[in-house]
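The values are calculated or read from the model by the stated rules, or taken from the named source; none is laboratory data. Just so we're clear, the structure is a prediction, and the values are computed from it rather than from any experiment. Glycine gets a Cβ as well: all are built from the backbone with ideal geometry, and neighbour counts include every protein chain shown.
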Amino acid sequence: MTTSIFSPAQCLGYLAVVLGVAAFLQKSDRRQKILVASESLVYVPHFWLLGVPTAAANALTTAVRTSLSLRMRAAWLSVLFVALHICAGLCFAKTPSGWLTVIGSCVSTVAVFHTRGLTMRMMMLFSTGCWLVNNILSGSIGGVALESVIAIANRPYCRPNMNLLGDRKDIDKCIDEIDQLCRRTIGEQWCR
């Protein structure tokens, strides 16, 4: 759906950009999760107004999931939320691209409940790739901006303390690994 760059839907997307960038600048996993939950709540009406109900449903589930992950890390919760994301896909996804947010949300669900630190952030980066493609296809200006910034900002986090100049080969290898994972998971045409 095409909308004006200043439509209510797009303005909500711009607010999500601010929250999302703030989230991924956090060193504290707790603060990051609070901001991701807030960003996800803003995304619910954003995607609904853009006519992308699968993304809206997954954003709502993500907001609840991320909030609960602050206090609980139970395996059964991750299974519940993966099931909810899949149900959202079954109810709303009409095309293969509609499943991108489901895949990304399932991966990030496992990340927030079962991992910490670098592993969590790398899994969230993969989820970012899925959402980036969804946002391009749905016309979400703020969503494309946010996921692009997150992807670029988090690429050097393949291992702690990487130096952009001294570790260039390792960074390139890390990016290639992410790209290969992307190709295996969501297909050749959606990756760099």
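Descriptive notes on the structure:
- Residue in the stretch 104-124 that is farther than 18 Å from residue 66 by Cβ, at pLDDT 90 or above and outside any loop (DSSP other than H, G, I, E, B) present: no
- Taking each residue of the stretch 50-66 that is closer than 11 Å to residue 36 by Cα and in contact (Cβ under 8 Å) with a residue 40 or more places away in the chain and looking for partners that are of a type in the set (D, E, K, R) and surrounded by fewer than 24 Cβ atoms within 10 Å (Cβ to Cβ) with beta-carbon atoms closer than 7 Å, six or more apart or interchain, yields 66/33.
- Selected residue (only one of 115, 95, 101 is β-branched (Val, Ile, Thr) and touching a residue at least 40 places away in the same chain (Cβ under 8 Å)): 101
This table checks each residue for (1) buried (at least 20 other Cβ atoms within 10 Å of the Cβ); (2) touching a helix residue (DSSP H, G or I) at 6+ places or on another chain (Cβ under 6 Å).
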residue: 46; (1), (2): yes, yes
residue: 49; (1), (2): no, yes
residue: 52; (1), (2): yes, yes
residue: 55; (1), (2): yes, yes
residue: 59; (1), (2): yes, yes
residue: 71; (1), (2): no, no
residue: 94; (1), (2): no, no
residue: 117; (1), (2): no, no
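- Residue selected from the stretch 76-87 under the condition touching a helix residue (DSSP H, G or I) at 6+ places or on another chain (Cβ under 7 Å) and surrounded by fewer than 19 Cβ atoms within 10 Å (Cβ to Cβ), by the criterion nearest to residue 113 (Cα to Cα): 77
- Residue within the stretch 27-41 that is surrounded by 16 or more Cβ atoms within 10 Å (Cβ to Cβ), in contact (Cβ under 8 Å) with a residue 12 or more places away in the chain and farther than 24 Å from residue 152 by Cβ present: yes
- Criterion: assigned to a helix (DSSP H, G or I), at pLDDT 90 or above and touching a Phe, Trp or Tyr at 6+ places or on another chain (Cβ under 8 Å) - qualifying residue of 59, 37, 88: 59
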